[in-house]
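Remarks on the structure that follows.
The values are calculated or read from the model by the stated rules, or taken from the named source; none is laboratory data. The model shown is predicted, which means the values in this text are computed figures rather than measured ones. Note: ideal-geometry Cβ built from the backbone for every residue, glycine included; neighbour counts use all protein chains shown. Only protein heavy atoms, including side chains, enter the accessible area calculation; ligands, DNA and RNA are left aside. Shrake-Rupley method; radii C 1.70, N 1.55, O 1.52, S 1.80 Å.
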Amino acid sequence: MSDNVYSTICPGCNFGCGLYIRENGALEVDFRKSSPANAGKLCRFGMSLPRLYAPVKSMIDGKEVTLEDAAKDAAKRISAGKGSTAFLSFGNTTSEELLAFQKIGESFLCTGINFEALPKDTYRTLSVGLPYTEIEAAKHIVLFIDPYEQYPLIVRRLLSAKKKGAKITAVWWKTLAIADEMIKPNDVSKLALTKDSLIITDFHPLSDVEQVKSVLALAKNAGAKVTFLKPFANSTGAYLLAKDAKQKSLVQLIDDINKGTIKTLFCLESDPSTLIPSETLSKLTNLIIQAGQASSSKANIVIAHEPLYKKKGTLINNEGRAQALGGAGTNGLDALGIIAGAKFEFNALHESVKKAIGISAVDEFTIPKYDRSAYGAIQGAVKLNEAKTALVSVYNPFIWFNLADDNDFVELNLNTVRALKLLKGGTLKIKSNGASIEKKFKVAPVQDNVLITSKKFGIEKGMLTPVEISR
Ligand code: SF4
């Protein structure tokens, strides 16, 4: 392989799709048919990767500097703010960097997930999903996601299962073409599960904990299988490696910044403005971002290392499959070493990663054996949508990475269009908590009193936002 072609993994979600990135003046994406997760196929986001990898430069207070100087200044500010510094990584980088990051930030590590609110014995089920071959072999699949929008490469696995006779039930707000049976989320008590059912849902920093508990309880009570998909390239690796670390949720982090107990935030390969409100970020004394691509947040310090496709290291996909990134770069680890005041050796970290996963070598074609211990019965009441009208945000890779997308509209059904006397080609006014926006709309087979969007509008209060709508 020539020097400027990298065999790599798409960072768009934790599905683990393999691809090639070619540096040929501009970046180009090539298909990698040998990749076990996707056999070369990519979704819209995977094809948009050259846009994601916008170049970034190391900076201190707006002035361009070297990586070394930026890391040294970050080290000073972190050390001066000891006790009021938080460390945030959603898991969008190598397992080796995440281990180094954990060593620096053990006092306040944030993966964004509210693990503390979930029973400890569910940690493994939440962290590592099932092999995709189990999805293809299932007799009854229950979707609590929109596969087309959120994790598009799962659709091929679902079609393969259907071909073998699987029935697909979707518990969702909009009719999904792949489903044989649709159940409204508010009617989830009508869902008939057996031990032959396999539930597919997802788990991320904005997940509603009660909803997660409710899905776990549904699976437990029926003896059904459940797999949680995740939005960041190494979410699984991050959770496996951080299982004994003290973790803080995104909600706790936002609260602590607002209260002033956290004044410095150090983000590793995570753009905080995608998940933390700008008024909260503006309360920080220091925002330090270490990343391999431009971020939409205004940071005091930017430590610019190589983009993910040039890095050396290991990602763990949703099935628990360990995948090697094809690069040789260790700038990110070097910068973390400057901050820690001690060099991090890649090989030593790599050995620790393998040990944590229980493998002797990284082989993307073999899924390691994970102890999928059973979890105890948990109480989970399904959260109903009590709002008269709700905006449903369908989180997808474009939202998670703040990458411009052209789907700037909401979907609603014909009854709602007629009731509001909306005009073809016109707009819809949406109000929530004092904020008001005007959006184009599209008629789609969604439920009454529901608006669906796969775009971030800035008025959301989680996945379901109560709204008022008018012409
Ligand atoms: S499904 Fe996920 S990993 Fe695969 S190409 Fe799309 S965003 Fe990337």
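Looking at this structure, is Ile141 assigned to a strand (DSSP E or B), of a type outside the set (D, E, K, R), more than 16 Å from the chain's Cα centre (by Cα) and over 25 Å from Pro11 (Cβ atoms)?
Spelling it out, Ile141 is indeed assigned to a strand (DSSP E or B), of a type outside the set (D, E, K, R), more than 16 Å from the chain's Cα centre (by Cα) and over 25 Å from Pro11 (Cβ atoms).
Find the residue count for segment 141-175, including only residues that are more than 16 Å from the ligand (Cβ to nearest atom) and open to solvent by 20 Å² or more (accessible area, probe 1.4 Å).
9
Consider Thr314 against the criteria (1) at pLDDT below 95; (2) within 18 Å of the chain's Cα centre (by Cα): it satisfies all of them except one. Which criterion is unmet?
The one condition Thr314 does not meet is (1).
For segment 189-202, how many residues meet the condition of being over 21 Å from Asn38 (Cα atoms) and touching a helix residue (DSSP H, G or I) at 6+ places or on another chain (Cβ under 8 Å)?
Result for segment 189-202: 5.
For Gly337, are the conditions met, namely being crowded, with 23+ Cβ neighbours inside 10 Å, in a helix (DSSP H, G or I), modelled with pLDDT of 95 or more and in the same structural domain as Ala70 (by TED's automatic domain parsing)?
Working: crowded, with 23+ Cβ neighbours inside 10 Å: no; in a helix (DSSP H, G or I): yes; modelled with pLDDT of 95 or more: yes; in the same structural domain as Ala70 (by TED's automatic domain parsing): yes.
Judged against the criteria, Gly337 is not a match.
Within segment 26-66, how many residues are within 16 Å of Lys310 (Cβ to Cβ) and open to solvent by 30 Å² or more (accessible area, probe 1.4 Å)?
9
What is the residue count in segment 1-25 for residues that are aliphatic (A, V, I, L, M) and either in contact with a Pro (Cβ under 9 Å, 6 or more places away or on another chain) or open to solvent by 40 Å² or more (accessible area, probe 1.4 Å) (or both)? Full working, then the answer.
Initially, segment 1-25 is screened for residues aliphatic (A, V, I, L, M), giving 1, 5, 9, 19, 21.
Those left that are additionally either in contact with a Pro (Cβ under 9 Å, 6 or more places away or on another chain) or open to solvent by 40 Å² or more (accessible area, probe 1.4 Å) (or both): 1, 21.
Within segment 1-25, residues that are aliphatic (A, V, I, L, M) and either in contact with a Pro (Cβ under 9 Å, 6 or more places away or on another chain) or open to solvent by 40 Å² or more (accessible area, probe 1.4 Å) (or both) number 2.
So which residues in segment 154-176 are more than 15 Å from Ile199 (Cα to Cα) and either in contact with a helix residue (DSSP H, G or I) (Cβ under 8 Å, 6 or more places away or on another chain) or not assigned by TED's automatic domain parsing to the domain that holds Phe228 (or both)?
Ser160, Lys164, Trp173, Leu176
Every residue, every condition in (1) open to solvent by 30 Å² or more (accessible area, probe 1.4 Å); (2) within 30 Å of Pro50 (Cβ to Cβ); (3) touching a Pro at 6+ places or on another chain (Cβ under 6 Å); (4) in a loop (DSSP other than H, G, I, E, B), yes or no:
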| residue | (1), (2), (3), (4) |
| --- | --- |
| Tyr375 | no, no, no, yes |
| Ile378 | no, no, yes, yes |
| Asp405 | no, yes, no, yes |
| Leu423 | yes, no, no, yes |
| Leu428 | no, no, no, no |
| Asp448 | yes, no, no, yes |
| Glu460 | yes, yes, no, yes |
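Residue by residue through segment 52-90, note down the ones that are farther than 27 Å from Gln247 by Cβ, hydroxyl-bearing (Ser, Thr, Tyr) and touching a strand residue (DSSP E or B) at 6+ places or on another chain (Cβ under 7 Å).
Tyr53, Ser58
Name the helices (runs of 4 or more DSSP H) wholly within segment 1-90 that hold at least 2 residues that are within 12 Å of the ligand (Cβ to nearest atom), under 19 Å from the mean Cα position of the chain (by Cα) and not hydroxyl-bearing (Ser, Thr, Tyr)?
Answer list for segment 1-90: 44-47, 49-52.
Looking at segment 331-342, I want the residues that are under 8 Å from His305 (Cβ atoms) and have a partner that is open to solvent by 20 Å² or more (accessible area, probe 1.4 Å) and assigned to a helix (DSSP H, G or I) with Cβ atoms under 7 Å, at least 6 apart or on another chain. Which pairs are those?
Asn331/Leu67; Ala335/Leu67
Just to verify a result, which residue in segment 387-403, among those that are aliphatic (A, V, I, L, M) and part of a loop (DSSP other than H, G, I, E, B), is surrounded by the fewest Cβ atoms within 10 Å (Cβ to Cβ)?
So the residue we want is Ala387.
If I ask for residues that are touching a residue at least 24 places away in the same chain (Cβ under 8 Å), buried (at least 19 other Cβ atoms within 10 Å of the Cβ) and under 19 Å from the mean Cα position of the chain (by Cα), which ones from segment 274-292 would you list?
Leu275, Ile276, Gln290, Ala291, Gly292
Does Gly81 qualify as being farther than 27 Å from Asp208 by Cα and in contact with a Lys or Arg (Cβ under 7 Å, 6 or more places away or on another chain)?
yes
Counting only residues that are farther than 21 Å from Pro231 by Cβ and either of a type in the set (Gly, Ala, Ser) or not in a loop (DSSP other than H, G, I, E, B) (or both), how many does segment 281-311 have?
Final tally of qualifying residues: 10.
I'd like the full set of residues that are among the polar types (S, T, N, Q) and surrounded by 20 or more Cβ atoms within 10 Å (Cβ to Cβ), limited to segment 108-140.
Correct list: Thr111, Thr122, Thr125, Ser127.
If Tyr132 satisfies all but one of (1) within 30 Å of Ala377 (Cα to Cα); (2) away from the ligand (no atom under 16 Å from the Cβ), what's the number of the condition it fails?
Result: Tyr132 passes all but (2).
For residues that are open to solvent by 10 Å² or more (accessible area, probe 1.4 Å), charged (D, E, K, R) and in contact (Cβ under 8 Å) with a residue 40 or more places away in the chain, tally how many sit in segment 226-250.
Qualifying residue count, segment 226-250: 3.
Among the residues of segment 317-332, write down those that are in a strand (DSSP E or B) and more than 13 Å from Glu97 (Cβ to Cβ).
Result: Ala322, Gln323, Ala324, Gly326.
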